[in-house]
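Asker: Sharing a structure, written as structure tokens. Questions coming.
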Amino acid sequence: MSESGIIDYAVLIPLLPMLAFPVILFLGKMFNGTPTWVKNVKEGGIIALTVMGASLLLALLVIKEHMHHVGTANIFTWFESSWWNPETGAITTKVFGVGVYIDHLTVMLLFVAAFLCFLINIFSIGYMNTDPINDNRNHRFYAEFVLFCSGMLGMVLADSFLWLFIFWELMGLCSYLLIGFYYERPSAAYAAKKAFLTTRVGDVFLVIGLIMLWNLFQPYAGTQGALSYAVVFDPANIAKVNPGDLQIALGMMFIGAVGKSAQFPLHVWLPDAMEGPTPVSALIHAATMVNAGLYLVARMFPFFSGAELGALSTLAIVIACIGGITAVMAALIAFVQMDLKKVLAYSTMSQLAYIFTGLGSALWFANNGYEELAAFAMGASLFHLFNHAMAKGMLFMASGSVIHEMHHAHHEVAHHGHDDDHGDDHDDHHDDHFDAQSMENMGGLASRMPITATAMFFGSMSIIGIPLIGGFWSKEGIISSAWQVARKEPVFLLPAMLVLIGAGMTGFYMSRMWFMTFAGKPKTEVAEKVHEQTAWIPIPLVILTFMTLGAFILAGMHAGHWLGDFNNGHYSNFFDGIGYELEHVFMNHDMFLFILTYVAIGLSLILGPSLAMSLYGGSLDDGQKAKPWMQWAISLSAKVNSKSNFDNSAWANSSLSESLHKRLHFDDIYDAAMLKIVVGFANLSAIFDSKVIDGVIKTIESTSQEVSRRVRSLTTGSARDYIMMATLGTLVIFMLLWGVA
Amino acid sequence: METEVFSTEFWQAFAPEMVLVVGLVLLFIIPNLGEAKFRVPLTKVRIPWLFGGRRFKSTGSPALPGMLGTATLFVALGMMVIETIDGGLSTTTVTSGDVTLLQIDAFSRFFEIIFLAAILMASMASLDRVPAHTFKGNKSLEEMYDNRRQADLYILMLTTALGMCMVALSQDLFVLFVGLELASLATYILVAFHKESKAGAESGVKYFIVGSVASGIGLYGLSLLYLEFGSLQLSTLSANWADGSILATIALGLVLVGFGFKVSAAPFHFAAPDAYAGANSPIAGVLATASKAMGMIGLIRILLVIALPDTGTDGSAIWIYTLATLSVVTMTWGNIAALGSTNPKRMLAYSSVAHAGYMMAALTAVGAWHWGHVEAPADYAEAIVAAILFHLFVLVAFKLGAFLVLGLLEMEGGASRLSALSGLARRDPLIGTSMFIFMLALAGVPPLAGFMSKFLVIASIVSTSVGDQWVNGSISFSDLHWVWWLALAMFINSAISVFYYLRIGVVMFLDIPEEGRRKPLPYGASIRMAIWICLVATIILGLSADTLIDMCYRAAESLKLA
């Protein structure tokens, strides 16, 4: 089924940024350092912004058109080819081309990706272009940035798993390049390598999974590629495939998703990836790329609903368990992090894990015939993906804003505020080991950075799941779905329990982060001098704050139902929906769910934050006052802090705390394993490579060069010889013709 | 539509070619206009007649012939392209008495477009490559020579174009031969255009000698054909071919040599690397594309139009083994020689020998067109011919493009060593990247035009070798026609060729620029423009080739093979 209309232009959404990539790179190379390039074009930032704006606009048009029906279009047929299968002797025609596939899932992620790419682009212009370290290389940043956006948008729009994989890898490459943007820093180079190699482990499994999938569906593919959605999502085809094999294939693909979305046990790369510039952390490692894994798992939904009942439930349980384990593990590690961005990184991991658990529940329901529950769980998971992307993108940008201003303030302090031009002396700026990202150096910023503090305030509340704000709507849905499965399938108790505990833990570490940064008295001289001053940065913060606060409107419009039901889901009028939603959440007729809701709210709203307040709360210094919507929280925290005599030294000295500081030893274990096994194997293969493979290659090379030399030596340079050869050739032609005639 | 020579319809139909003729005449006249006066004998009356003498400032400008030549080619090409796209192309036959001389159809127009496009690119590039200087201050001998020769260069280019068009249009082997010689003689001079340089003069003479011998052999073949059939008309020869004696076969072999030299098939290719290396790069590019296409017309006319057995008879053409041998030898020889070649121009010359081998392999498959009484054999044949035409067309994009990049390098010195290219990507990223894309296209990397052309050629050979065997159910390898092996040979050869194409990339991207070549490349607006056009064509024709493939099919159909 192919149709025309705006969908024909959907391919431009990833294509425009992809074309902008070489343009920015070459123009940057040509005009680097010239005043126009720096001032007016913002070293390529304006070009990138224009392109991302166009992509966003197109994406919105496509979304408007396809809110209610699945759209597929063959955008471009490259060529058709018939081939002959020697085994069966049959001739098959295959069409090679590009197409797009747009359903609810695509629409949602398309919006998230295009919208956040655009906003973070605005943020980057404020953040990157004022950082003296970036002098004369921001064109590289913007070029890689748009290439990444192209990868993400392309992956979402792809109409086959093959194209999905191609764009998936494109994102992987850009992630590597951007994490290593400050390549002269060994830690950044190391982090880039680590991220690339860790996700590579997952990607190898993804390839294996795709190959298996191809093998399974190839007999039924017809003229299309065996990995195109039209083939693999056809229930008739799914019914013909052996479910056991299908489960293994999907499991392999899931490992790829685990790597990309930084889930246990392939999660180690994400915290280190924070070495990249903050816009990169916001875009790639919080809002978009890490969602690719979720997208892949969500895409598997038709397999689960189409396959034999119960045949794939093991995989669904595995997905949910991985999610549950990661949710708690990451939250635990986040307890002790001092680096602002690392807290957010672990929080990302933990929230993505929630979505995995939700998807696991949805897939379990789908595979066991509970269609309505499956749709509900799916909707909740995807809605959480949406809320999380908005909130986390905002949180990272806000943290970037804090770090940026801390740098500036530190600079002013270190140079007695005299020189505004910070061109050449950024070296000593790094020599004195002031950590602008550490929360130990912050405190009391709520009044000094009101916009940033507000954004972080509501962002944190959304992540925690404070009732009525942002992520609350979706997180409740995930937790209740997980417990609903657990009522039917006891093994599911593990992930269900873990996500419930995780809710309280989220409340603690997010509050801890906010209070340590924004409440209390400034802990350093630098923090006193901080103020918001950079243009461009606040714009996306304000927009996203409203997006986060507006989540209840989406919830009222049944966004969850719409996202969950691929075929019949419709969003509804806000006023019709909100009453139903509120009743469903707060006054559920099912006693079990009713209690569950209030337990979850109690954990995340009361227990977590109050613990954090008692440890890290405090009023601002005299004369400073935050905006009223935050001031109450600060005052409350000061009260809680002074009333409680909570002594946490026992905890701080415990062995658990220590191993949390060491990130639960995952890195040590992996490093040890690498050293022993991988390096040993690498040495062996190095010997094989240099002796056997190189030997063969070199022999071929020298032989062919020798043959080439001899052949060329026939070209003597003398016309007489040429004519003689031509005469000989004529004789040969005669002999050959004679033989036939 | 039939028309007599020099009738009204004739002028209308041949308007683009007439533009070339007018351009040629103007190129003779305009640079010679001056203030000269003619004195009436025995009187003192002097009548101004404007020819010779002290030239006007405007007409004496050394830059004028270049502009004039390029504009002429552009107008002629534009007229042809518009005519083809509009669909206003009708078959027009020119007769003189009962002899058919020329015919305009989709096939001939397609080739004319190839020729004019290639020569237009070369002429645009020559505006910078052989620059015209206005005399100010110091004038070196070379500059003076260059200025004096401006008109010569473009006259020769237009002559080449005219000769090639004649080859494409001809319906009579004698007319074809005249056109071939007109174009060839002009190219011999173009190769030796820089007669001061030893390489240029020597290569020109060598190319001339070997070319003349080949032409002589070919002409002898034509005379034998005339002896046998009493006519050199394509239609007559084609109709009577089946009744020919051994004399016809000998003639066929001799003619094959003549055209084999033009497409630089082994072992008649020896002069080609020398000629390419000695000529200006844009001229070498014309030799590798337009001149090769001209030879290909000859081969198609003689092998496919004349010497192809009729559909009614069983079996394959008699030349099929000959051509198969030649094609495999040619492609292998070209590739192996290119492997070790360190002169980029020679490397490209050998690569163009290999490309000739690929196209001859495709021609061989046409010879097997109705083996085992294949249903609708003309479909198979047309698919192959269309693939060859497509290949010839896209060669203009990426092979000529590669030569133009070398031409840009020649503007700052030689381009006869591989090291001349070193660090090109660093010195000029856009040019370096373009060259790399041209190399990838030559190697046949998707999604570029080169991939599409190789794909079409190989796919059409394979589908001919399968024929309609599969209708009977399952088939095995032994059921295939042996031309299948040619596709395999082509495949292996393509794999070998990747080595030397990618080596250019390695040198450009990884090596450090050699001493004295650290500065940015010379600017050259029009040569760069020509390179961009080639680059865009290379990419677009790879991604979206439908229109061009349709054109190729229409051209192949107009050959009326069945």
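Values quoted throughout were computed directly from the atomic coordinates according to the rules given, and no laboratory measurement underlies them. On a predicted model such as this, the values are computed, not experimentally measured, just so you know. Cβ sites come from the backbone with ideal geometry, for glycine too, and all protein chains shown count toward neighbours.
Asker: Please report the equivalent ellipsoid semi-axes of region A:45-190, computed as sqrt(5 x eigenvalue) of the Cα gyration tensor, largest first, in whole Å.
Answerer: That gives 36, 22, 12 Å for the three semi-axes.
Asker: Turning to a different aspect of this structure: Mind pulling up the Rg/Rh value for region A:111-164? Radius of gyration and Kirkwood radius, both on Cα.
Answerer: Taking Rg over the Kirkwood Rh, I get 1.10.
Asker: Another one. From other protein chains only, count the Cβ atoms within 10 Å of every residue's Cβ in A:718-731, then give the mean.
Answerer: Other-chain Cβ atoms within 10 Å of each residue's Cβ, averaged: 6.
Asker: Rg and Dmax of region A:362-405, Cα atoms, in Å?
Answerer: Just the Cα atoms of region A:362-405 yield Rg and Dmax of 16.6, 54 Å.
Asker: Further question on the same structure: Remind me, what semi-axes does region A:289-385 give for its equivalent ellipsoid, largest first in whole Å, using sqrt of 5 times each Cα gyration tensor eigenvalue?
Answerer: 28, 12, 10
Asker: Wrap a convex hull around the Cα atoms of chain B, take a quarter of its surface area, and give that in square nanometres.
Answerer: On the way: hull surface 115.7 nm².
Averaged projected hull area, Cα only: 28.9 nm².
Asker: So how do A:383-391, B:202-210 stack up, highest first, on mean other-Cβ count within 10 Å?
Answerer: Sorting A:383-391, B:202-210 by mean packing, highest first, produces A:383-391, B:202-210.
Asker: Here's a follow-up. Debye sum, Cα scatterers, region B:189-339, no solvent: what log₁₀ I/I(0) at q = 0.10, 0.13 1/Å?
Answerer: -0.41, -0.65
Asker: Another question, if that's okay. Calculate one ³J(HN,Hα) per residue across region B:59-64 by plugging θ = phi - 60° into the Karplus curve 6.51 cos²θ - 1.76 cosθ + 1.60, and present them in order as whole Hz with x for glycine and proline.
Answerer: 7, x, 4, x, 7, 5
Asker: OK, next. Past the 22 Å Cα-Cα mark, which pairs from A:Lys193/A:Lys698; A:Lys193/A:Lys260; A:Lys193/A:Lys676?
Answerer: On the way: A:Lys193/A:Lys698 30 Å; A:Lys193/A:Lys260 14 Å; A:Lys193/A:Lys676 19 Å.
Beyond 22 Å: A:Lys193/A:Lys698.
Asker: Next question, about the same structure. Using the alpha-carbon atoms, what tilt in degrees (0 to 90, nearest 10) does helix B:344-367 show relative to the longest principal axis of chain B?
Answerer: That helix lies at roughly 30 degrees to the long axis.
Asker: Using amide H atoms built 1.01 Å from N in the peptide plane, name the residues 5+ places from B:Phe38, or on other chains, whose amide H lies under 5 Å from its own.
Answerer: For B:Phe38, whose amide H was placed from the backbone, the distant partners under 5 Å are B:Ile47, B:Trp49.
Asker: Go through the cysteines of chain A and tell me which have no other cysteine Cβ under 4.7 Å away.
Answerer: Cysteines of chain A left without a disulfide-compatible partner: A:Cys174, A:Cys321.
Asker: Can you give the angle from 0 to 90° between the axis of helix B:198-229 and the longest principal axis of chain B, with both taken from C-alpha atoms, to the nearest 10?
Answerer: The angle comes out at about 40 degrees.
Asker: Evaluate the relative contact order of chain B (contact order divided by residue number), counting alpha-carbon pairs under 8 angstrom at least 6 apart; express in whole percent.
Answerer: It rounds to 14 percent for chain B.
Asker: Express the Stokes-Einstein translational diffusion coefficient of region B:273-381 in µm² s⁻¹, to the nearest whole number, given a Kirkwood radius over alpha-carbon pairs, 10 °C and a viscosity of 1.306 mPa s.
Answerer: Answer, rounded: 105 µm²/s.
Asker: Going by how many other Cβ atoms sit within 10 Å of their own, how do A:Ile669, A:Ile255, A:Ile464 line up, fewest first?
Answerer: A:Ile669, A:Ile255, A:Ile464
Asker: Helices from chain A with mean Kyte-Doolittle at least 1.0 and a Cα length along the axis of 24 Å or more, per DSSP H: which?
Answerer: A:12-31, A:45-65, A:104-128, A:161-179, A:186-217, A:313-336, A:493-518, A:719-740
Asker: Distances over 20 Å make up what percent of all Cα-Cα pairs in region A:658-741?
Answerer: Details: 2447 of 3486 pairs.
Value for region A:658-741: 70 percent of Cα pairs lie more than 20 Å apart.
Asker: Also, quick follow-up: Bin all alpha-carbon pair distances of region A:224-379 at 10 Å intervals from 0 and give each bin's fraction as a whole percent.
Answerer: Result, from short to long distances: 12, 38, 30, 16, 5, 0 percent.
Asker: Placing one identical point scatterer on every Cα of region A:4-47 and ignoring solvent, what is log10 I(q)/I(0) from the Debye formula at q = 0.30 Å⁻¹?
Answerer: Taken in order of the listed q values, log10 I(q)/I(0) reads -0.98.
Asker: Angle check, please: helix B:320-340 long axis (alpha carbons) against the longest principal axis of chain B (alpha carbons), in degrees 0 to 90, nearest 10.
Answerer: Taking the Cα atoms of chain B, the angle to B:320-340 is about 50 degrees.
Asker: In the neighborhood of A:Glu169, defined by Cβ-to-Cβ distances under 11 Å, what is the net charge if each Lys or Arg adds +1 and each Asp or Glu adds -1?
Answerer: Spelling it out: positives minus negatives among the neighbours equals +1.
Asker: How many Cβ atoms of partner chains, on average, are near each residue of B:535-544 if near means within 10 Å of its Cβ?
Answerer: Mean shielding by partner chains, rounded to a whole number: 1.
Asker: Let me ask something additional. Search the structure for amide H atoms under 5 Å from the amide H of B:Leu101, placed 1.01 Å from N in the peptide plane, and list their residues when 5 or more places away or on another chain.
Answerer: HN-HN under 5 Å from B:Leu101: B:Val94, B:Thr95, B:Ser96.
Asker: Computed over the Cα atoms of region A:572-682, what is the convex hull's projected area averaged over all directions, in nm²?
Answerer: One quarter of the hull surface, i.e. the mean projection, equals 15.4 nm².
Asker: Averaging sequence separations of C-alpha pairs under 8 Å and six or more residues apart, then dividing by the length of region A:595-741, give the relative contact order as a whole percent. Spell out each step's value before the answer.
Answerer: On the way: 39 pairs, mean separation 21.0, N = 147.
Computed value for region A:595-741: 14 percent relative contact order.
Asker: Treat each spin label as a single point 7 Å out from the Cα along the C-beta direction, and report the A:Val491 to A:Ile553 distance in nm.
Answerer: 4.4 nm
Asker: OK, next. Between region B:516-545 and region A:32-77, how many Å separate their Cα centres?
Answerer: Region B:516-545 and region A:32-77 have Cα centres spaced 27 Å from each other.
Asker: Within a 10 angstrom radius of each residue's Cβ in B:252-262, how many Cβ atoms of other chains show up on average? Whole number is fine.
Answerer: 3
Asker: Compute the Rg to Rh ratio over region B:370-506 from the alpha carbon atoms, using the Kirkwood formula for Rh, and round to two decimal places.
Answerer: That ratio is 1.13, to two decimals.
Asker: Let me understand region A:144-255 better: what is its radius of gyration from the alpha carbons, and its Dmax, in angstrom?
Answerer: 16.7, 55
Asker: Can you give the calculated 222 nm mean residue ellipticity of chain B, where each DSSP H run of n ≥ 4 adds -39,500 (n - 2.57) and the sum is split over every residue, rounded to the nearest 500 deg cm²/dmol?
Answerer: That comes out to -22000 deg cm²/dmol.
Asker: Please state the Cα pair-distance histogram of chain A with 10 angstrom bins from zero: what percent is in each bin?
Answerer: Per 10 Å bin, starting at 0, the Cα pair percentages come out as 3, 13, 23, 24, 18, 10, 5, 3, 2, 1, 0, 0.
Asker: Can you work out D for the protein assembly as shown in µm² s⁻¹ from Stokes-Einstein, where Rh is the Kirkwood radius over C-alpha pairs, the temperature is 25 °C and the viscosity is 0.890 mPa s?
Answerer: It diffuses with D of about 70 µm²/s by this estimate.
Asker: Tell me, what is the Rg over Rh of region A:463-550, with Rh the Kirkwood radius over Cα pairs? Write down the numbers at each step before the final one.
Answerer: Details: Rg = 18.5 Å, Rh = 16.1 Å.
For region A:463-550, the value is 1.15.
Asker: Please list, by residue number, every one of the trypsin sites (Lys or Arg not before Pro) in region B:1-64 that is coil in DSSP and has at most 13 other beta-carbon atoms within 10 Å.
Answerer: Listed in order of number, the matching sites are B:Lys44, B:Arg54, B:Lys57.
Asker: Hey, any idea what the orientation-averaged projected area of the convex hull of region B:351-421's Cα atoms comes to, in nm²?
Answerer: That works out to 5.5 nm², a quarter of the Cα hull's surface.
Asker: Points 7 angstrom from Cα along the Cβ direction at A:Asp721 and B:Ser90: gap in nanometres?
Answerer: Output for this residue pair reads 5.7 nm.
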